[in-house]
Amino acid sequence: MKNIIITILLIIISFNLYAQEFAKNMTEAKSSYSSGNLSDARFAMEQMLHDIDMEIGKQILLLLPEKVNGLTANAKNDNVNGMASGFASGLYVSRTYGVENKTASIDIINNSPMINSINAMLSLPFIGRSSDANQKVVKVQGYK
């Protein structure tokens with residue numbers, strides 16, 4: 001119960017801090033747009049997208065388990081990165097578990113045009129469905 005209360009308080013605090021930065025970027029985007037400076041308006045909106053990606057990544061880390069198959073999470077090595085422009089745009093969340101020779105990692109990538117194009121190629125029947133016996137298709141909550 002104590003962990004749930006602490007988590008809720010951290011979420012509320014992070015939303016308040018996030019809202020201040022988001023509001024500042026929104027005001028800057030509106031003022032730049034109304035003055036005809038479209039380049040600065042676009043930059044401010046890209047910053048807002050970056051802020052949103054970072055907040056989503058932090059929320060995802062809160063949902064990840066502290067232990068996986070007996071391996072403890074290395075919270076100090078957690079990585080959240082949100083890039084809002086270029087071919088590498090999107091959200092990247094990483095968490096590692098375990099120590100030394102027995103480790104596991106979870107990497108989550110979302111909204112990346114580069115990854116989406118690779119995924120489209122891999123979904124082609126003659127590329128993605130090779131006869132490699134070591135490949136597995138896994139479903140998580142109905143998604144392949």
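The values are calculated or read from the model by the stated rules, or taken from the named source; none is laboratory data. Keep in mind it's a predicted model, so treat the numbers as computed, not measured. FYI the Cβ positions are ideal-geometry reconstructions off the backbone, even for glycines, and counts take in every protein chain you see.
Any residue in segment 62-80 that's over 16 Å from Y92 (Cα atoms): show its pairings with residues that are in a helix (DSSP H, G or I) at Cβ separation under 9 Å, as long as the two are six or more apart or on different chains.
Qualifying pairs under 9 Å: E66/A75.
I'm checking my understanding of the structure. Among residues of segment 71-122 that are of a type in the set (D, E) and under 21 Å from I56 (Cα atoms), which one is modelled with the lowest pLDDT? Explain how you work it out, then say what you get.
Pass one, segment 71-122, residues of a type in the set (D, E): 78, 100, 107.
Of the ones still in play, those that are also under 21 Å from I56 (Cα atoms) are 78, 107.
Working: D78: 90, D107: 86.
Looking at residues that are of a type in the set (D, E) and under 21 Å from I56 (Cα atoms), I get D107.
What are the pairs with Cβ atoms under 8 angstrom where one residue, in segment 19-38, is without any contact (Cβ under 8 Å) to a residue 12 or more places away in the chain and the other, located anywhere, is among the small types (G, A, S)? Sequence gap at least six, or different chains.
K30/A41; Y33/A41; L38/S32
Could you tell me which numbered condition S34 fails, if it satisfies all but one of (1) surrounded by fewer than 17 Cβ atoms within 10 Å (Cβ to Cβ); (2) over 26 Å from V140 (Cβ atoms); (3) modelled with pLDDT of 85 or more; (4) in contact with an Asp or Glu (Cβ under 9 Å, 6 or more places away or on another chain)?
(4)
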